[in-house]
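Notes follow once the structure below has been shown.
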Amino acid sequence: MRATGVLSGRHGRIAAGLLSACLVLTACSPQRPHRPAGAERSATATAPVGSAASAAASVAASAAAAPDVSRYYRQRLDWRPCREAASFRCTSVTVPLDYTRPEAGDIRLAVVRHRATGPRAARLGSLLLNPGGPGVSAVDDLLSFADGFSPAMRAAYDLVGVDPRGVGRSAPVDCGTGASLPAPETEEEAVGPESGFALIAGACARSVGRLLPHVGTPDAARDMDVVRALLGDDRLGFLGFSYGSYLGATYAELFPSRVGRMVLDGAVDPGMDAFRATLGMARGYQVAWDAFAADCVSRPGCPVGRSLRDAGRVLDGLVAEVDEASREGYDRGVPATGDDLLTAVTSALAAPAWGGLRSLLREVQAGDAATRRLLLGTDDVGGPGEQSLAAVNCLSSALGPRSTDAQTRAAMPEFRRAAPQFGAYYTSFLPMCAHWPARPTQVPHRITARGAPPILVIGTTRDPATPYDQARALARQLSSGRLLTRDGDGHTAYQQGSRCVDTAVDDYFLHGRLPPDGTICR
């Protein structure tokens, strides 16, 4: 699997993504116990998520709630072979646009399923996946990466991808801007009323204004409960990466008694406001760059010099050089900018793809025209993914920063101190939601999900997109949280090459056994 992030997940951009892929080999080693609140709960097997028998009870409970949404829990699904791959089945699920006013109309969600391959009696039910973003298609992700799961996981679970509302194939937020918005050339263009974010906000208000208040994370979590019941599961099995961890935690807060085996990887702290989260990303990418540079300078032919100080100066110089070339109309085409280069660098750090990053920097230094042209499009301001990302993030004060122009400028010194190479770049994200037409409906708050069974939270020590402190915070907040640590680089941990992490996650999903408290995969 891959992902983007918060805000990504495992492929996203706000900050080159809150979500990107990782590839690291580690080994498990129990360390001094870290005991989040509630971790004293039993780590023994929890109920599997299958059991269609009590799905009717969920329908009845929903029917008893006001307003009445029970009809959505009673619909019949029409599964058909997917156009992209006949071994997968696709369908759509109808949900209310507004759960508080079901009479206001419906939207349809795209769903894909890969059936469990094992004997029917040994199957454990469905496992819903969310790769992050927000804005990354769970349907496309599963179609591309289902084979990344172990044979045992594919035998036991129906793997299910649901594009959240506003994303991918599920009533997507399409504001008609494409990727046509110009890159900012001045600070005023980056943060002012004519910024790319402001132009996207205006276009979205005109094009899909009715949809915008209803694509937030709580509504997406309610959608997952409808899907859970229609799949015949009494409890939700869920694997969420980056932003997907926020979605999973929100579901656990709303429906703690319906949580099955849940794993939240590259976790987001729901109690942190978006300003601090953005500052944390800037700092996280600086840490990731320094780790890359420390490795690079020990190698012959390193393109960033012979010391960490050299590395920072080299990157700053390359950004300035690319910006200067853009002002001169480099290569007679639409020129790449310094931000395009930084977006490519942050994506490589999130992966992590250090070898590829060394090659990229060498080619940019050499003035390779083809490489510089490839940088174009990495900073896809105004594209569909960014529209969905903004639409979801801006409904949550924990995800969508809403700084004014003056606040953004005032924050610049703090960001530069925290991240000399990335602070200014990340400051440009602070006004992302300042002009957004839909107001936030979620405030930063601790999520305890009291009554939920054990929830496994995974954090990577040098994760740049969702820094490790966020995973620790979420594991402490959840009344049944258990933290698994990967000592490594890159964003997210599962299916990224760590046998230790993969074994721990599979063991929990297959047998309900959590890793020992304080486990660190090195």
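Derivation of every value follows stated rules applied to the coordinates shown; laboratory data play no part. Just so it is clear, the structure is predicted and the values come from calculations on it, not from any experiment. We place every Cβ from the backbone using ideal geometry, glycine too, and count neighbours over all the protein chains shown.
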Local electrostatic count at residue 101 - Lys and Arg +1, Asp and Glu -1, tallied over other residues with Cβ under 13 Å:
-4
Segment 230-313 - convex hull of the alpha-carbon atoms, volume per residue in Å³:
135 Å³
Between Rg and the Kirkwood Rh of segment 343-480, both from Cα atoms, what is the Rg to Rh ratio?
1.02
Spin-label pair residue 522/residue 276, simplified geometry with 7 Å Cα→Cβ offset, distance in nm:
3.2 nm
With every atom except the alpha carbons ignored, what do you get for Rg and Dmax of segment 231-277, in angstroms?
11.7, 40
Along the positive direction of the dipole of segment 409-514 (beta-carbon charges: Lys, Arg +1; Asp, Glu -1; about the Cα centre), which of 422, 456, 479 reaches farthest?
479
What is the Cα radius of gyration of segment 96-173 over 2.2 N^0.38 Å, N being its residue count?
1.28
The FRET efficiency for residue 469 and residue 108, from their Cβ-Cβ distance with R0 = 35 Å and rounded to 0.05, is 0.35
Starting from the alpha-carbon convex hull of segment 217-369, give the projected area averaged over all orientations, in nm².
12.5 nm²
Students often check this: by mean Cβ neighbours within 10 Å, which of 236-244, 481-489 ranks highest, and how do the rest follow?
236-244, 481-489
Quick one: 3J(HN,Hα) in Hz for segment 411-417, Karplus 6.51/-1.76/1.60 with θ = phi - 60°, rounded, Gly and Pro as x.
7, 3, x, 5, 5, 5, 5
For segment 364-522, averaging the sequence separation of alpha carbon pairs under 8 Å that lie six or more residues apart and dividing by its residue count, the contact order in percent is 16 percent
Along Cα→Cβ, 7 Å out, is where each label goes; now give me the distance between the ones at residue 144 and residue 100 in nm to one decimal.
3.7 nm
Can you give the FRET efficiency to the nearest 0.05 for residue 294 and residue 85, using r as the Cβ-Cβ distance and R₀ = 60 Å?
0.90
Output the peptides 346-354, 498-506 sorted from most to least packed, where packing is the average of other Cβ atoms within 10 Å over each peptide's residues.
346-354, 498-506
Relative contact order of segment 410-470, pairs being alpha-carbon contacts under 8 Å that are 6 or more residues apart, as %
15 percent
Working out 0.36 nm times the residue gap between residue 363 and residue 257, then minus their Cα-Cα distance, what length gain in nm do you get to one decimal?
32.8 nm
For residue 407 and residue 316, calculate 0.36 nm times their separation in residues minus their Cα-Cα distance, and state this gained length in nm to one decimal.
30.3 nm
Point-charge dipole on Cβ atoms (K/R +1, D/E -1) for segment 70-116, about Cα centre, debye to 20
280 debye
Remind me, what semi-axes does segment 432-522 give for its equivalent ellipsoid, largest first in whole Å, using sqrt of 5 times each Cα gyration tensor eigenvalue?
27, 18, 11
